[in-house]
1. For the stretch B:252-275, what are the residues that are away from every other protein chain (no Cβ under 14 Å), aliphatic (A, V, I, L, M) and either touching a helix residue (DSSP H, G or I) at 6+ places or on another chain (Cβ under 6 Å) or within 18 Å of A:G42 (Cα to Cα) (or both)?
2. Does the stretch B:81-103 include one or more residues that are within 16 Å of the ligand (Cβ to nearest atom) and under 30 Å from B:G222 (Cα atoms)?
3. Give the residue, chosen from A:N75, A:N94, that is within 16 Å of the chain's Cα centre (by Cα) and among the polar types (S, T, N, Q).
4. Scanning the stretch B:667-700 for residues that are closer than 24 Å to B:T474 by Cβ and assigned to a loop (DSSP other than H, G, I, E, B), which turns out farthest from the chain's Cα centre (by Cα)?
5. When you scan the stretch A:144-152, do you find a residue that is out of contact with any His (no Cβ under 8 Å at 6 or more places or on another chain), within 11 Å of the ligand (Cβ to nearest atom) and either in contact (Cβ under 8 Å) with a residue 60 or more places away in the chain or in a helix (DSSP H, G or I) (or both), even just one?
6. I'd like to check something: does the stretch B:628-635 contain any residue that is under 18 Å from the mean Cα position of the chain (by Cα) and under 20 Å from B:L396 (Cβ atoms)?
7. For B:S146, work out the one condition from (1) farther than 29 Å from B:F695 by Cα; (2) touching a helix residue (DSSP H, G or I) at 6+ places or on another chain (Cβ under 9 Å) it doesn't fulfil.
8. Quick check on the stretch B:462-477. Is at least one of its residues surrounded by 20 or more Cβ atoms within 10 Å (Cβ to Cβ), assigned to a loop (DSSP other than H, G, I, E, B) and free of Cβ contacts under 8 Å to residues at least 60 places away in the same chain?
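The values are calculated or read from the model by the stated rules, or taken from the named source; none is laboratory data. These figures come from a predicted structure and were not determined experimentally. Here the Cβ is made from the backbone with ideal geometry for all residues, glycine too, and neighbour counts use every protein chain on show.
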Amino acid sequence: MKISFNINGRNVKLDVDPMRRLLDVLRDDLELTDIKESCGEGECGACTIILDDKPVTSCILNAVHADGKKILTANGISKTRIGEILLDCFDQTNSVQCGFCFPGFYVTAYHYLITDGEPSLEKIRYALSGNICRCTGYKKIFESVIMACERLQEGS
Amino acid sequence: MRSPRKVDARSKINGSHKFIDDYIFPDMIYGYLYYARCHHGYIRKITFPEEFDLKNFIIIDYKDIPGRNIVPEPEPDQPFLVENEVYHYGQIIMGIAHPNKAILKQFVEKIEIEYEELTALTDIKECLEDESNAFGREIIIDQRQSLEPRSEWIKTSAVYYTAHQEQAYLETQGMIAIYNQDQRSIYVLGTMQCPYFVKEAVEMIMGDKITEVVIETAEGIGGAFGGKEDFPNILAGVASLLAYKAEKPVKIVLERSDDIVITTKRHPSRVEIETYTDPVTNKIRKLKIDYRLDAGGYLTLSPVVLSRGVLHSFGGYNIRDVFIHGRLLRSNTPSNGAFRGFGAPQAFFAIESHIDKIAGDLKIDPLELRMKNILQKDDRMPTTQIIREDHILDCLNRVIEKSDYKQKYIEFQEYNQHHDNKKGIGISICFHGGGYTGNGEKVLQSKVKMTIEKDAAVNIYVANTDMGQGAHTTLAQMVSETLDHPLNKTRVVIPNTSKTPNSGPTVASRTIYIIGNLLCDLSLQIKKEIQGNLDEYVRSHNTLFPKEYSRCFTPDPTVVFDDKTYLGTGYKDYSWAACVCEVFYQTSIFKLDLKKIWTVLDIGIPVNPKIAEGQVEGGLLQAMGYALTEYFYKPDFGRMHGFTDYILPTTLDTPEMDIEFIHTDSDFAKGLGEIPMNYPAPAIRNAFHHATGIFIDEIPLTPERIYENIKGKS
Ligand code: FES
């Protein structure tokens, strides 16, 4: 089946088995390795992407779901102004450990920034609850996102 | 003390950092570890699905091994591939490879194996109760003082149990092996903690078919926590053999549902403790410990886990009359291996729970009992090692003060009288020996190397990997600070056995403590030679560069440990910690939550305080998972699936954390990675006991377990 979508601003057309996992199509066919696979069952959020305007786990979506949609991944986000601010906050707090979960957290946190952005610990904990990190204990991740919310509020 | 940013953070956040599954080589094909779906038995018949053309698959079993079918490290008792008898579920039988991942998956799912089943021991408790399952190493520390218990002394005895724990590194295990026919060499790239263990494994399985093996780690290692200490040996061995047979690069990356079933876990334990306490002085006079671990199917790492477990089992107390017996027991479950703490979390769960049990028997505050018996300056551990400072006492005093423990202890008791839901507060104290146990570091003889380039760039070569603990940033920082050289011109080169010397495995909280301090010594030696600014020196003596420097670990001759009696200096330096946990228990749904944890640690001088803090935060949360939710529900855990049935802490479960480092004596960095895993679980258990008066001797404290316990008692 032919599908087309826009990913990080680039239009792509592909001929794929529509039932293949979107994650595999993105990683294997388009070689977008900023999307990570960890649990493969939608639990951990390592493969989170923004599909149109929602953060979703690409390991439990079929390729056909992307047809006609807009996709944003960690790599795409890092090239935006808000993405750069968020990245700097994650970096500044030394929050990153193994980093395998981070592209996923980055995507989810970015989505929170653009849709809500209130520097509220409770809201942020909730927004990030679909992403698992085994290394950090989350504390510095929370600090980073709060810091990014504050920086954005100051800037606006 | 500065906290410069991590060298690899930006690329990890934006996803450009390369983990093993992100590498692609020309002509690369995909491999799969085909494993036993039988707990114990003989393989009678293997049937491959007919609808596939077998010619398109590369299939290897033990008969294809040109070298020896034995994994050399750590204890050489486990075959790479099953020969006839399957000893545990998940044991690897074959390696299979194909150019197309999807076809490979369909093929392996349709393979059928007929087994002649034998009796299998898969029930952990059954294994741990029966002493006749003992095998491998047995350790006795006998420091009995022929002290007859007096009739007024209070005898307290109990048995404590801990369950399996899964490392749950977010990146599953993975390797790529490439065979070069002309050079008869094998190159393996992968996610691992111990490149030189992997090298030995590949040499062993390949035998004289190859003349050179080079192991390199991927740019990123997505977490390990001990889980990538020994399993990578098997994985790399099988991948190498497949690559040799296919004459193509072979990539094997495990799916989570396979990884959780076949790789190593934390050892389940059964620890029986008997004490006699003098009710007048509240001094513990006699201590007897029977420490047992379920090793799983093969010994592998278990003997050394047992050593560390036994050497931490007596806790941070000054007790003179001690007898400890440590054993390994064999079951038909996957071999258990390394996991942050390495036998110590099991030990501290038992002893720290037991201290609360004694306090209950004496009807005193558990804090008071700890204060009466805590190891102080000039006290002796049961191993005869003398403690030079009030490390653990200082940690405890500080954490009690910060957490307002004394007030809360009374306040919560009053609160609980009038409320259905309960509040509780609990303590634990602990230590962790840095580096290999006993004479281990002497035997390892770690080497490090540095090169200074023509542009004064400093390259550090160590075999220790950065699996997220920030080691490569911290090591570079140590060298840069000692040399007075900019951090951006100082870096650790990704470990590659063709150019990196063997500085030992990345385990035992030894990377900063042993290797970092060794690098500092080497840096001082260089500094002496250059007498001043490195940049200037290199400019004025440019013909001397690039230049290589190296250094080997020299053991302290005063450190003596007797491997037979287990007496002497178990570890040259210890890190120390104490914590207070506050819990909330919802009575109607049997649910226990950790609200806040305060912890004070003595790890010497942390090099990069933010990285150090991050290590503690992550360790505390893993320990909370160990205490509350992480559990293989199905006794036959070969059927576990992944993160849907193994419950990891999420952002919503994260308690408040208050972390402080104090330092009592050492002016250098000591071990840090493991200690935060050692002690929160018993403090949470103790807090639950304080909240409800219910004494549970087992973790995790899932609602099911709490319910069973209450039901059993009523
Ligand atoms: S940083 Fe390792 S899983 Fe999050």
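1. Once the filter is applied, which keeps residues that are away from every other protein chain (no Cβ under 14 Å), aliphatic (A, V, I, L, M) and either touching a helix residue (DSSP H, G or I) at 6+ places or on another chain (Cβ under 6 Å) or within 18 Å of A:G42 (Cα to Cα) (or both), the stretch B:252-275 yields B:I252, B:V271, B:I273.
2. Looking through the stretch B:81-103, none of the residues is within 16 Å of the ligand (Cβ to nearest atom) and under 30 Å from B:G222 (Cα atoms).
3. Answer to the selection: A:N75.
4. In this case the residue turns out to be B:D667.
5. Within the stretch A:144-152, the subset out of contact with any His (no Cβ under 8 Å at 6 or more places or on another chain) is A:144-152.
From what is left, the residues that are within 11 Å of the ligand (Cβ to nearest atom) are none.
No, every residue in the stretch A:144-152 fails to be out of contact with any His (no Cβ under 8 Å at 6 or more places or on another chain), within 11 Å of the ligand (Cβ to nearest atom) and either in contact (Cβ under 8 Å) with a residue 60 or more places away in the chain or in a helix (DSSP H, G or I) (or both).
6. So far as the stretch B:628-635 goes, no, none of its residues is under 18 Å from the mean Cα position of the chain (by Cα) and under 20 Å from B:L396 (Cβ atoms).
7. Against the list (1) farther than 29 Å from B:F695 by Cα; (2) touching a helix residue (DSSP H, G or I) at 6+ places or on another chain (Cβ under 9 Å), B:S146 comes up short only on (2).
8. Narrowing the stretch B:462-477 to residues surrounded by 20 or more Cβ atoms within 10 Å (Cβ to Cβ): B:462-477.
Add one more test, that the residue is assigned to a loop (DSSP other than H, G, I, E, B), and what stays is B:462-470.
Those still in the list that are free of Cβ contacts under 8 Å to residues at least 60 places away in the same chain too: B:462, B:464.
Yes, because at least one residue in the stretch B:462-477 is surrounded by 20 or more Cβ atoms within 10 Å (Cβ to Cβ), assigned to a loop (DSSP other than H, G, I, E, B) and free of Cβ contacts under 8 Å to residues at least 60 places away in the same chain.
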